[in-house]
Structures are given as C-alpha cells and as structure tokens.
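Enquirer: Dumping the structure here so I can ask a few things about it.
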Amino acid sequence: MTDEITALQHFDDASLDAAFTTLADEVRTTAAATASTDPEAFRLHWLGRKQGRLKLISEAWLKSAPPEAKKALGIRFNQLKQQIEATLEAPASAPAKSAVQGIDITLPGTLRTPGIPHPLLKTMHEIVSVFHHLGYSTNLGPQVESDFYNFEALNFPENHPARDTQDTLVIAAQQSRPSRDRLLMRTHTSPVQIRTMIASAPPIRIVIPGKVHRNDAADATHSPIFHQIEGLCVDTNITFSDLKGTLDHAMKALFGSDVKTRFFPSFFPFTEPSADVQISCIFCGGKGCRKCKHSGWIELLGCGMVDPAVFAAVTAERRKLDPADDAHNPEKITGFAFGMGVERIAMIQHGISDIGYFYSGDMRFLEQFA
Ligand code: PHE
C-alpha cells in the first residue's frame, strides 16, 4: 500500500482527475487485499478518524490548494469517500470474498469414515469363499417359501414331529390352499437344495447363504431371524468320506489348521446317515474351558448324506416336465449336504457373547470390525 502523500502541484481539473484516478485505483487494490478478509482494517486504513488516509490526504491537499480549487477538490474527496463506503457496504462485490470467506483452515476437516462390510456379511463371505475355492458356486432362494420346499420335499411329512424342531412362522389366511402350497418364512436354507436339484441334473456343488426365520424368543444365542449357509454336493460316487474331508478342510480354513473335527450321529429327515460336526475348542485348544463347557469341543453344524427320499421327491417333480427323467436316481448318484449358522460361527471367531450386537446398529460394536 502507498503510504506517503504526494503533494499536488497543479489544481486544474485534468490534474485533479489524474490524481483522484490514482487514488481510486489504490482503494480498489487495498479492497482486493483486505476488504473481505478484514473489513475493519480496510475501514481504518481509509476512514480512520485520526490516521485515516482520506483525512491525511484531504488535509494535505486542501491546505496547499488555491481557494478557487477547493470546491473541485471537495467534490472529488466526497466521491472517493463514497467509493470506499460502497466497498465496505457491499463486500460481496470484492473479488476475494468467495474464495476466502467461510473457510477456516484452522478447523479440523470433515472425517469421512468409509463403510465396511457388516461382521456377519464378512463371515458369510469368508465361508462362501472357502467353498468357492473347492469349485462350489452360490445359489439363492426366497425367504417366503412354500411348505413343499421347506418341509415336504425334505422328507418332513405333514404332522410329523420333526417339524416341531423348527418353530415355524407361517403366512396368515392360507387355509384354502393345498397344504404343499401354503406359504411360510423359510426355517432353513435347505429348501434351496430342492430348488437346485429340480432345476439341474448332477454334478451339483453349491453353497446357499441366506436369511432364515424361526418363531424363537430372542436371547443371548437366539434370534427369530438369523443366517445360514447350506452346502450341497451331488455326483457319482460321493461318500461320507468326501463329506468328512470337505468339512474338515473348511473348518481348518476358517479357524486355523490346528483345529480338529469330529462327527457325532444325529438326525435330520433329509439326510441319512446324519451327523453333528464338532470342532476342537479354539479358546482352550481342547483342554476344556468355560466356552466349551469343559468338554474341549464346540458343536458347529449339521450334515449328512442326502436321503433317497429327497431324491425321490425331486425326481417326482422333474418327471412332471420329463416323464423319462432319471437324473437323480439314487442307484446312480449320491450326495451330501451340510448347514451352518453364520451368527454362531461369527460369535466364535470374534468371541462375541450376545447375538443381539449384530442387529443393534451400535457403532461402538461395528467399528471394531473396520
Ligand atoms: N437345515 C438344517 C437345520 O437348519 C441343517 C442341515 C443342513 C443339516 C443340511 C443337514 C444337512 O437345522
């Protein structure tokens, strides 16, 4: 900024105009530099009562001016003052404003937290990917399912007590429908086994992740809505050894190569023989602790060889389209199936004590998986 005051030599109109043009330019330059960032400094610089530049210049120039030039000088000083005041009143017109005002570079920036997969989805993807590496593909099915796919074709006859093991939520007002068509919320992912086999001939290797529903009261380990991953392998010469080898590999891939598996006789209407699979306790290494109820083993999933009755139900359906169909003839092919709860596996993986955390939406819980 120009601080010194140059004395005026000539007081004719042209000289005055030239001198005031220079001053008007000076106002614009200082306005660009300070009017928007620090309007008060700009005001003091030009209009300050004691040291303001306008006052000092007008005093200096008026003193040396001949009396006949004073009026012309006064008019021009007024115009200059108006220019300064207008700049102060309409700072928006100052070019620097939009670029500078409103940004306080000393404030911390907006923290953007990138999204992460929900811990349940993460575990689901992990399990599915173990089987993708074994050549399985993924299949999905509906959550609102018919009695036929959820129970009947899976060898749960109507009114059979085995249905009581899966406390079912049914869709209301369907009494007029034939029982096989009545709708319910699927209680497991197994109906997708039936859908897949009706749609395709062996060889079949699929995993079926998805949501399932049961009329269960919520507690630390139960939720009326939860997730399962089903597996189905159907081909020639599939044996129980293939089932054991596959699941042993999957458990080692998920929980570490030290983990051991063991198979206990169990019952499911759609597999024969059936088994429950246990893994050696990952918390105590099998010595026995509170988590494994001092047994050294943790029960993790159900499995078995596909029951010939299931192949028969599938064949009956396929023969509605092709009476000669024999693709799922249990004399020629065999298969195994397994099903596991995603919540249960994720809880063991991460040492989570209450299933409710998964559905709470509590960021303090979810952020731990970021
Ligand atoms: N569908 C069974 C359940 O939900 C689990 C299972 C799947 C068992 C496949 C055997 C074979 O309890």
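The values are calculated or read from the model by the stated rules, or taken from the named source; none is laboratory data. What you are looking at is a predicted structure, and each value in this text was computed from that prediction instead of being measured. As a convention, Cβ positions derive from the backbone with ideal geometry for all residues, glycine included, and neighbour counts pool all protein chains shown.
Enquirer: Taking the stretch 313-332, which residues are surrounded by fewer than 20 Cβ atoms within 10 Å (Cβ to Cβ), closer than 20 Å to Arg195 by Cβ and either among the β-branched types (Val, Ile, Thr) or more than 42 Å from the chain's Cα centre (by Cα) (or both)?
Expert: Thr315, Ala316, Arg319, Lys320, Leu321, Asp322, Asp325, Asp326, Asn329, Pro330 - these are the residues of the stretch 313-332 that are surrounded by fewer than 20 Cβ atoms within 10 Å (Cβ to Cβ), closer than 20 Å to Arg195 by Cβ and either among the β-branched types (Val, Ile, Thr) or more than 42 Å from the chain's Cα centre (by Cα) (or both).
Enquirer: Please tell me if Leu232 is in a strand (DSSP E or B) and within 25 Å of His160 (Cβ to Cβ).
Expert: So Leu232 passes the test.
Enquirer: Let me ask something additional. Kindly provide the set of residues from the stretch 228-241 that are surrounded by 15 or more Cβ atoms within 10 Å (Cβ to Cβ) and out of contact with any Lys or Arg (no Cβ under 6 Å at 6 or more places or on another chain), ordered by number. Full working, then the answer.
Expert: Just the residues of the stretch 228-241 that are surrounded by 15 or more Cβ atoms within 10 Å (Cβ to Cβ), to begin with: 228-234, 238, 240.
Within the stretch 228-241, Gln228, Ile229, Glu230, Gly231, Leu232, Val234, Ile238, Phe240 qualify.
Enquirer: Determine which member of the set Ala337, Ala253 is touching a strand residue (DSSP E or B) at 6+ places or on another chain (Cβ under 7 Å) and at pLDDT 95 or above. Quick ask: steps written out before the conclusion?
Expert: Details: Ala253 fails: touching a strand residue (DSSP E or B) at 6+ places or on another chain (Cβ under 7 Å).
Testing whether each residue is touching a strand residue (DSSP E or B) at 6+ places or on another chain (Cβ under 7 Å) and at pLDDT 95 or above leaves just Ala337.
Enquirer: Okay, moving on. Can you say whether Ile238 is in contact (Cβ under 8 Å) with a residue 60 or more places away in the chain, away from the ligand (no atom under 14 Å from the Cβ) and of a type in the set (A, V, I, L, M, F, W, C), as far as the supplied structure shows? Quick ask: steps written out before the conclusion?
Expert: Working: in contact (Cβ under 8 Å) with a residue 60 or more places away in the chain: yes; away from the ligand (no atom under 14 Å from the Cβ): no; of a type in the set (A, V, I, L, M, F, W, C): yes.
In short, no.
Enquirer: When the residues of the stretch 242-286 are filtered to those that are part of a helix (DSSP H, G or I) and without any contact (Cβ under 8 Å) to a residue 60 or more places away in the chain, which remaining residue is surrounded by the fewest Cβ atoms within 10 Å (Cβ to Cβ)?
Expert: Gly245
Enquirer: Please determine, by comparing only the residues of the stretch 218-273 that are farther than 22 Å from Gly296 by Cα and of a type in the set (Gly, Ala, Ser), which one is nearest to the chain's Cα centre (by Cα).
Expert: Ranking the qualifying residues of the stretch 218-273, first place goes to Ser223.
Enquirer: How do the pairs read when you match residues in the stretch 359-370 that are assigned by TED's automatic domain parsing to the domain that holds Thr221 with residues anywhere that are among the polar types (S, T, N, Q), using Cβ under 7 Å and keeping only pairs 6 or more apart or on different chains?
Expert: Listed pairs, sorted by first residue: Tyr359/Ser223.
Enquirer: Filter the stretch 161-186 for residues that are more than 32 Å from the chain's Cα centre (by Cα), more than 30 Å from Ala250 (Cα to Cα) and surrounded by 12 or more Cβ atoms within 10 Å (Cβ to Cβ) and give the result.
Expert: Listed by number, the residues that qualify are Gln174, Arg177, Ser179, Arg180, Arg182.
Enquirer: Hey, another quick one. Starting from the stretch 118-144, take each residue that is closer than 22 Å to Phe358 by Cβ and list its partners that are at pLDDT below 95, counting only C-beta distances under 6 angstrom and pairs at least six apart or across chains.
Expert: If the second residue must be at pLDDT below 95, the pairs left are Pro119/Phe369.
Enquirer: Give the residues of the stretch 300-347 that are of a type in the set (Asp, Glu) and within 14 Å of the ligand (Cβ to nearest atom), sorted by residue number. Show your work before the answer.
Expert: Quick first cut of the stretch 300-347, residues of a type in the set (Asp, Glu) only: 307, 317, 322, 325-326, 331, 343.
Listed by number, the residues that qualify are Asp307, Glu343.
Enquirer: Ok, one more. Those residues that are part of a strand (DSSP E or B) and surrounded by fewer than 17 Cβ atoms within 10 Å (Cβ to Cβ), I need them from the stretch 295-312; list them, please.
Expert: Answer for the stretch 295-312, where residues must be part of a strand (DSSP E or B) and surrounded by fewer than 17 Cβ atoms within 10 Å (Cβ to Cβ): just Glu299.
Enquirer: Which pairs have Cβ atoms under 6 Å, sit 6 or more apart or on different chains, and link a residue in the stretch 186-208 that is farther than 22 Å from Glu126 by Cβ and not assigned by TED's automatic domain parsing to the domain that holds His328 to one that is in a helix (DSSP H, G or I) and at pLDDT below 95?
Expert: Final answer for the pair search is none.
Enquirer: State whether one or more residues within the stretch 178-186 are of a type in the set (Asp, Glu) and over 16 Å from Phe338 (Cβ atoms). Break it down into steps so the answer makes sense when it comes.
Expert: From the stretch 178-186, those of a type in the set (Asp, Glu) are 181; that's our starting set.
Now drop any that are not over 16 Å from Phe338 (Cβ atoms), which leaves 181.
Looking through the stretch 178-186, at least one residue is of a type in the set (Asp, Glu) and over 16 Å from Phe338 (Cβ atoms).
Enquirer: So Phe336 passes all but one of these: (1) among the aromatic types (Phe, Trp, Tyr); (2) over 19 Å from Pro191 (Cβ atoms); (3) touching a helix residue (DSSP H, G or I) at 6+ places or on another chain (Cβ under 6 Å); (4) in a strand (DSSP E or B). Which condition number does it fail?
Expert: Evaluating Phe336 over (1) among the aromatic types (Phe, Trp, Tyr); (2) over 19 Å from Pro191 (Cβ atoms); (3) touching a helix residue (DSSP H, G or I) at 6+ places or on another chain (Cβ under 6 Å); (4) in a strand (DSSP E or B) leaves (2) as the failure.
Enquirer: Which one is farthest from the ligand (Cβ to nearest atom), of the residues in the stretch 175-217 that are closer than 30 Å to Gly356 by Cβ and modelled with pLDDT under 95?
Expert: My answer is Ala217.
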